[in-house]
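I have placed the structure first, in the form of structure tokens, so that the comments after it can refer back to it.
The values are calculated or read from the model by the stated rules, or taken from the named source; none is laboratory data. All figures in this text were calculated on a predicted structure; none of them were measured in a lab. Using ideal geometry, Cβ is built from the backbone for each residue, glycine included, and neighbour counts are taken over all protein chains shown.
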Amino acid sequence: MKLVLDEEEILVLECIKAAHVDCGFHIRDVIKRAKSGYGISRSTVYEIVGYFEFHGLIKTNKSGCRELDQNIPYFITCQRCGKETPGNESVKENGRAICEDCYLEEHQKIKFADPMAVRSMKLFRKQHGLVGTEGLTELQKEIFDFILEEGGVTPEKISQLFGLTLQETMNQLAILRHCELVKGRKLGDEIYVVPFDS
Ligand SMILES: [Zn+2]
């Protein structure tokens, strides 16, 4: 059964991570943090911890303490676009858990020149049965090939190599992203554009 966390569960998970010490965590510390930080009641914390235990995300270790099992996969619902995203690919932003794509969009200093053009492009491709790189301009294909070869590139690097302004690069990347050829990924403090399937 897939574990998809809602907003409150994500917050309690945050509190658990913060309350974690070497030997595990004590539920009392989680309750304190959840109450003072987010106004979440004691009974809700117990309920959510029980739910996590049911899914194996929390287990009791050898010393009899509760601990998080980092190997158990879980998903979050992106609080910006609603997409289900693996927990380890989500990003905390202003108290909201969002997906990497939304993080990328929110952190673009330069907004897409014409979002409507991107949307109608997607519709056009769909209507004309275009898949993959079909229907892309030579420049878009070259950028896409470059991303495939490198496995991941920053928009800045693409700008430099292709002699484009950052805004032009972002516009081209927007089209590749809306064709679902590439997506954004946060690595450290940097945003990388990676192949969609990676
Ligand atoms: Zn999202």
The number of residues in segment 3-33 that are out of contact with any Ser or Thr (no Cβ under 9 Å at 6 or more places or on another chain), of a type in the set (Val, Ile, Thr) and in a helix (DSSP H, G or I) is 3
Selection from segment 53-83 of residues at pLDDT 90 or above, surrounded by fewer than 16 Cβ atoms within 10 Å (Cβ to Cβ) and either of a type in the set (Lys, Arg) or within 14 Å of the ligand (Cβ to nearest atom) (or both) yields Lys59
Restricting segment 85-108 to residues that are in a loop (DSSP other than H, G, I, E, B) and without any contact (Cβ under 8 Å) to a residue 24 or more places away in the chain, the one nearest to the ligand (Cβ to nearest atom) turns out to be Cys99
Reported set for segment 133-155 where residues are part of a helix (DSSP H, G or I) and polar (S, T, N, Q) is Gln140
Going through segment 56-84 in order, the residues found to be free of Cβ contacts under 8 Å to residues at least 12 places away in the same chain and within 19 Å of Glu180 (Cβ to Cβ) are Gly82
Looking only at segment 68-84, count every residue that is assigned to a loop (DSSP other than H, G, I, E, B) and in contact with a Leu (Cβ under 8 Å, 6 or more places away or on another chain) and tell me the total. 4
